[in-house]
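Since the structure comes first, as structure tokens, the remarks are kept for the end.
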Amino acid sequence: MSGQRPGDPEFRGGLGSPGDGATGGSGAAVDWELLADHLAGALAGQPAEAEVARRVAEDPAWATAGAELAAADTVVRGRLAELAAELAAEPEPLPPDVAARLDEALAGAGDTPDGDAEVRSLDAGRARRSGRLGRYRVVASVAAGVVVLAGVAGVVALNRSDSRTAGRSDAANHPMLGPAPGHSAAGTGSSQPMGPHATAPPTGPGEESGSSQPSAAPSQWAVTRLTTGTDYRPDTLAALLHGTASATPSMGPHVTATMPDDLSRLSDSAALDSCLTAIDGDVPGTPSVVDFARFEGSAALVVVVRPADGQRPWVVVAGPRCGVSGDDVRYRSQTG
Amino acid sequence: MRRESPVGAGVGAADTDRRSDPELLRAHVGGDRGAFDTLVRRHRDRLWAVALRTLADREEAADALQDALLSAYRKADRFRGESAVTTWLHRIVVNACLDRARRRQARPTVPLPTGTAGEPVATGPAVADRDTALTVRAALAQLSVEQRAALVLVDLYGYPVGEAAEILDVADGTVKSRCARGRARLAVLLGELGNRGGGSGVESTSAAGSGPPGDRHGGEEES
């Protein structure tokens, strides 16, 4: 399956936006952004590189646009170089009042690095105040129910979910829960659509002690939360969709399925909601499963989204700033 | 080629500390109360300059720098030496700037047309001909913060693409793309790429180019 990263030429706009141009064939409208990428060498090694090169070679409109863009780029680089020289000639050192303010702030910062629990809670507070709570969406998808799973060494501790759901109705009828050893909650038959309800992320072993306080606000999105400890690659993302990420035999007991530090902020329901809302703006649909995991070594929230129009599901990889800075999407691919 | 600013690292007369940046950071983690301050004083002018140019607003830059340095102070124990200390500091500062700028832009009551990864397209005086062309500084302020941050690092302060990528925590190709698309947008704003009218592909980051081929020549700089 082919995925997309920000900066990829295919990665333009949210999937909900219509009218993606440059659809191929001669006479296709000039895509200035692709051309700019092409000129800068940003498409090197990608399939789009050959396609754009072909268009520039064969389509007069593209060739002319390319020449214009190259000329304009040279001028702009010159203007930026002039500005750079201005900045270098008139350096603006840190103003004394700002310096004083920094000194004071650092003096009051405490003795030692403290795991930034305070910083994280500020982020959670900002997420709650971000104004996104006004949009609630009734979740009517198959992946119903919010089951918060503790991160423990080894595979996902699905068999602990019962104690966490406080008597709420059956867990999601999601493939992730099916093969769990000894777990019967998923086998209770048909799922029911769940309305928003509060979740309380447990602070189990392996989670850092500075974990953010769980939000008591109801969740907009009913998703199954996982901490599989997987370090995904583009070709292994489908495992989350097919429910095999946690069951990979090669993982073994040495893999600690702990929440990556950078994602702790997102364990807060409000922060996670903001993130999923941001992802929804990019890939409209219903998120069903989120895995607090890694992608190519970096902490990432991996989300399965089932599009509203019934298309094949997407797996979206979001970075730690999801919900604070757009959806911070790192990669996405349509699987199935 | 790094364009060293005269106010770059380590030129302060007060910096007589011979410890390297990593040594200072380790000392700070170990409880040396003056070490972080010494480290900051070495680099804060450059960090301030980058913050100021990225946010184009003194108050915002001051707030971002304060947030960032406090964060660095507290998270110093997480620095693993995988990059230079200055790169690490720059990353924290630039991220604080990006977060701040995105929060400012992120509350429209009417959804803005978005480009990649949800970044809103800057609105405002979208197009100029030569006579009313914006200054470069004003045009830079019109860009999305992601594009501006990339251009500030690479084109204004001479950071190599690789280091800018580390600072921004994105791939090299993404840096190149943001710079290239940012420059293309600047070209329109500065009147170097002709008057595209509404719906120019350069402005509307999610749509294709403007009009049918041949239409582009209308309104080009003949003034």
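The values are calculated or read from the model by the stated rules, or taken from the named source; none is laboratory data. This is a predicted model, so every value here is computed, not measured. All Cβ positions, even for glycine, are placed from backbone atoms using ideal geometry, and neighbour counts span all protein chains on display. Calculation scope for accessible area: heavy atoms of the full protein, side chains included, ligands and nucleic acids excluded. Shrake-Rupley method; radii C 1.70, N 1.55, O 1.52, S 1.80 Å.
When we screen A:D59, A:D8 for residues that are at pLDDT 90 or above and either within 11 Å of chain B (Cβ to nearest Cβ) or touching a Phe, Trp or Tyr at 6+ places or on another chain (Cβ under 7 Å) (or both), the only hit is A:D59. Scanning the range B:16-32 for residues that are within 10 Å of B:D77 (Cα to Cα) and loosely packed, with under 14 Cβ neighbours inside 10 Å yields a single hit, B:G30.
Conditions (1) over 19 Å from A:R225 (Cα atoms); (2) more than 12 Å from the chain's Cα centre (by Cα), marked per residue:
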site	(1), (2)
A:P284	yes, yes
A:V290	no, no
A:A293	no, no
A:G326	yes, no
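Checked against the criterion of being at pLDDT 95 or above and more than 7 Å from chain A (Cβ to nearest Cβ), the candidates B:A62, B:A68 yield just one match: B:A68. Looking across B:G124, B:G118, one residue alone is surrounded by 18 or more Cβ atoms within 10 Å (Cβ to Cβ), at positive phi and modelled with pLDDT under 55. It is B:G118. The set of residues from the range B:182-195 being at the interface with chain A (Cβ under 7 Å from one of its Cβ atoms), over 9 Å from B:L143 (Cβ atoms) and of a type outside the set (D, E) comprises B:R183, B:A184, B:A187, B:L190, B:L193. Per this entry, B:A171 is not counted among residues that are in contact with an Asp or Glu (Cβ under 6 Å, 6 or more places away or on another chain) and surrounded by fewer than 21 Cβ atoms within 10 Å (Cβ to Cβ). When residues in the range A:65-94 are screened for being more than 8 Å from chain B (Cβ to nearest Cβ), more than 35 Å from the chain's Cα centre (by Cα) and open to solvent by less than 50 Å² (accessible area, probe 1.4 Å), 1 of them pass.
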